[in-house]
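What follows is a short report on a single structure.
The values are calculated or read from the model by the stated rules, or taken from the named source; none is laboratory data. Here the structure is a predicted model, which is why all the values come from computation and not from measurement. Here the Cβ is made from the backbone with ideal geometry for all residues, glycine too, and neighbour counts use every protein chain on show. Heads up: the accessible areas ignore ligands, DNA and RNA and are worked out on the full protein's heavy atoms, side chains in. Shrake-Rupley method; radii C 1.70, N 1.55, O 1.52, S 1.80 Å.
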Amino acid sequence: MPSILQCMDCSQQYPVDKIIYNCEICGGLLDVQHDMDKLRHTITRETFDRRLGTLDAPYNSGVWRYKELVNPDVPDGLIVSRPEGNTNLYAVPKLAEWAGVAKLYLKHEGENPTGSFKDRGMTGGVTQARVLGVDRVACASTGNTSASLAAYAAWAGIEGIVFFQNKQIAFGKLAQAIAYGATAIQINADFDRNLALVREVAGALGIYVLNSINPFRLEGQKTIIIEAIQQLRWQVPDWIVCPGGNLGNSSAFGKALHELYEIGLIDRLPRLAIIQAEGASPLFNSFQRGFDRLEPIHAETIATAIKIGNPVSYPKAVRTIRWSDGVVEQVSDQEIMDAKALIDRQGIGCEPASACSLIGVRKLVDKGVIKSSETVVGILTGHILKDADSVIQYHNGTLENIHAQYPNHLHQSEASIEALSKILESRQPTHA
Ligand SMILES: *Cc1c(COP(=O)(O)O)cnc(C)c1O
Ligand SMILES: [Zn+2]
């Protein structure tokens with residue numbers, strides 16, 4: 001049986017070659033539903049282990065290695081891949097100690113081709129655009145989705161269109177979208193308004209929408225989890241922790257875990273913790289009230305990648321939390337930036353939103369939710385250079401309302417041995 005689109009609420013089905021983002025009957029979000037019975041009988045851990053290290057497309061991609069779980073029916077020749085994925089899973093004992101857990105791994109999705117996990121979704125989405133034969137794709141974005149869409153559209157030879165807000169965009173992301181040749185438009189509106197706009201405009205002009213409302217994006221993003229568990233030799237960690245903005249990742253992670261369990265590649269589910277910034281925490285607020293409803297807010301946070309007040313994938317994120325006995329936590333901008341400085345200082349580095357994963361672990365250990373004996377995988381979602389401004393400002397103390405706990409001051413010196421000696425002999429080495 002080929003894969004189909006299925007409404008998560010009323011189970012209405014649609015063929016995968018229909019351009020549709022919400023159920024026509026009830027408005028619910030759509031899932032790409034694969035033939036799980038067939039997968040259970042044909043896919044084993046060895047299927048995916050055999051493909052590790054291959055030089056050949058499409059299995060050299062950390063997304064398409066798991067093609068049967070992503071988009072089984074797509075002809076290999078239509079796949080648009082850079083290739084993405086194959087990101088490192090770092091054991092970080094010093095950060096584990098700081099956070100208070102026995103074992104902490106950080107999976108660095110900033111190591112993707114355009115510097116964020118969005119590439120895993122975009123290879124899925126732009127590949128589907130080619131299956132559908134469309135030649136224009138669009139998204140609204142806080143930045144990384146645009147950078148990724150621009151790159152994959154260029155690689156596929158189709159037009160990319162990106163809607164940015166006109167303030168608080170991390171410069172690296174804007175630069176990428178322009179450089180990769182997308183039609184880039186700044187709009188005097190926040191992300192949530194821009195997403196509504198892109199959907200209206202795309203509908204009117206016949207443009208394919210590649211925000212995470214697009215279920216083929218989520219199929220690609222599932223592979224973050226699948227790859228992490230494969231890197232752990234299929235040993236399931238106790239917790240997976242990730243930042244939550246529009247909640248595409250949270251949604252994809254739940255679906256990945258559910259499917260891995262269903263086809264017998266894992267024998268239990270890890271618990272998922274979704275971490276939001278205090279100024280952008282509608283999921284956290286709803287979690288506190290037993291998920292009664294989503295109340296959209298006006299979002300504010302230094303972590304621009306998660307500055308989202310009306311997350312489109314909310315229902316799927318709630319489903320993930322229920323499936324995985326998960327939790328939602330919130331953290332302050334101060335905590336985010338200090339945790340980021342510690343990750344950076346390891347020599348790894350990440351953008352602000354990613355640091356939610358580390359500070360989230362520490363907070364949940366403090367609250368007794370995560371036990372100190374447990375194994376945790378945290379997801380670093382974006383590359384340190386995406387938002388270099390925030391790094392410099394943190395370390396020179398010019399970030400508004402942030403008092404850096406771990407600053408590394410930039411020294412100024414005359415070009416003389418005396419002046420340099422003075423700095424180098426007085427400097428106390430600081431190791432996190
Ligand atoms: C998109 C993004 C997020 C938020 O992910 P969602 O799937 O929207 O919840 C977090 N961090 C970075 C770096 C991102 O680019
Ligand atoms: Zn429906």
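Kindly indicate whether SER357 is open to solvent by less than 80 Å² (accessible area, probe 1.4 Å), free of Cβ contacts under 8 Å to residues at least 24 places away in the same chain and not charged (D, E, K, R). Here the answer is no, as SER357 does not meet what is asked. Within segment 294-304, track down each residue that is open to solvent by 20 Å² or more (accessible area, probe 1.4 Å) and either farther than 17 Å from LYS340 by Cα or within 11 Å of ligand 1 (Cβ to nearest atom) (or both). Residues satisfying the conditions are LEU294, GLU295, PRO296, ILE297, HIS298, GLU300. Checking each residue in segment 254-282 for being within 15 Å of ligand 1 (Cβ to nearest atom) and either free of Cβ contacts under 8 Å to residues at least 60 places away in the same chain or over 24 Å from ASP333 (Cβ atoms) (or both) picks out GLY254, LYS255, ALA256, LEU272, ILE274, GLY279, ALA280, SER281, PRO282. For beta carbons closer than 7 Å, sequence separation of 6+ or different chains, a first residue in segment 19-31 that is near ligand 2 (Cβ under 8 Å from one of its atoms) and among the β-branched types (Val, Ile, Thr) and a second that is assigned to a loop (DSSP other than H, G, I, E, B) and open to solvent by 40 Å² or more (accessible area, probe 1.4 Å), the qualifying pairs are ILE25/CYS10; ILE25/GLN12.
Checking ASN285, ASN249 one by one, the residue that is under 23 Å from LEU195 (Cα atoms), touching a residue at least 60 places away in the same chain (Cβ under 8 Å) and either open to solvent by 20 Å² or more (accessible area, probe 1.4 Å) or within 15 Å of ligand 1 (Cβ to nearest atom) (or both) is ASN249 and no other.
Counting the residues of segment 150-164 that are in a loop (DSSP other than H, G, I, E, B) and either of a type in the set (S, T, N, Q) or open to solvent by 40 Å² or more (accessible area, probe 1.4 Å) (or both) gives 1. The set of residues in segment 28-43 that are open to solvent by 40 Å² or more (accessible area, probe 1.4 Å) and within 26 Å of the chain's Cα centre (by Cα) contains only GLN33. The residues of segment 261-279 that are buried (at least 24 other Cβ atoms within 10 Å of the Cβ) and over 16 Å from the mean Cα position of the chain (by Cα) amount to a single one, PRO270. Take VAL63 and tell me if it is surrounded by 18 or more Cβ atoms within 10 Å (Cβ to Cβ), away from ligand 1 (no atom under 16 Å from the Cβ) and assigned by TED's automatic domain parsing to the domain that holds SER250. Considered against the rule, which asks whether it is surrounded by 18 or more Cβ atoms within 10 Å (Cβ to Cβ), away from ligand 1 (no atom under 16 Å from the Cβ) and assigned by TED's automatic domain parsing to the domain that holds SER250, VAL63 comes out as no.
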